[in-house]
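The values are calculated or read from the model by the stated rules, or taken from the named source; none is laboratory data. Just so we're clear, the structure is a prediction, and the values are computed from it rather than from any experiment. Cβ: placed from backbone, ideal geometry, glycine included. Neighbour counts: every protein chain shown.
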Amino acid sequence: MAEYISVLSKEEEKALLTDMTTIQEWLDNAIHNKARQCIDKVCKQALEDSTDTILTQIEKQEIVSLLATDGRIISTVKQLPIAIKRQIVTKARIKSATERG
């Protein structure tokens, strides 16, 4: 698990605390929400990829089989269980923003 640090001036901290209870709680919420959005984006790209370069057809079939085993019918990425989303992101062959330029 990665850990990140952000340094604020006393003035920035004081100003921020007029708008939020704790800066750490706000940061945690903001970064987890952004991560959730990015996970959904990767899953959507992976499942819609017709070239099978992000996920192979076999990997896609494994996901469908897992969902079928649970008796789930999914029509959107947002409905996917988080465990499946994590599996997709783990297996996905995707480039970072830096790699994409």
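List of remarks:
- Test: ILE73 is surrounded by 13 or more Cβ atoms within 10 Å (Cβ to Cβ) and part of a loop (DSSP other than H, G, I, E, B): no
- Among the candidates LYS60, LYS78, LYS85, LYS34, residue that is at pLDDT 95 or above, farther than 30 Å from LEU16 by Cβ and of a type in the set (Lys, Arg): LYS85
- Of the residues making up the stretch 31-59, just one is among the polar types (S, T, N, Q) and in contact with a helix residue (DSSP H, G or I) (Cβ under 9 Å, 6 or more places away or on another chain), namely THR56.
- LEU67 meets the conditions (1) touching a residue at least 40 places away in the same chain (Cβ under 8 Å); (2) more than 29 Å from ALA2 (Cα to Cα); (3) of a type in the set (A, V, I, L, M, F, W, C) in every case but one. The failed one is (1).
- Filtered by the rule that a residue be assigned to a helix (DSSP H, G or I) and either modelled with pLDDT under 95 or of a type in the set (Gly, Ala, Ser) (or both), the stretch 1-27 gives a lone residue, ALA15.
- Search result, residues across the stretch 8-33 that are loosely packed, with under 11 Cβ neighbours inside 10 Å and either within 30 Å of LYS91 (Cα to Cα) or of a type in the set (Val, Ile, Thr) (or both): THR18, THR21, THR22, ALA30, HIS32, ASN33
- Pairs linking a residue in the stretch 38-55 that is part of a helix (DSSP H, G or I) to a residue that is among the charged types (D, E, K, R), with Cβ atoms under 7 Å and 6 or more positions apart or on different chains, are ILE39/LYS85; ASP40/LYS78; CYS43/LYS85; LEU47/LYS60.
- Matching residues, the stretch 34-54, being more than 16 Å from the chain's Cα centre (by Cα) and within 13 Å of LYS91 (Cα to Cα): ASP52, THR53
- Of the residues making up the stretch 81-94, those that are surrounded by 11 or more Cβ atoms within 10 Å (Cβ to Cβ) and within 14 Å of CYS38 (Cβ to Cβ) number 6.
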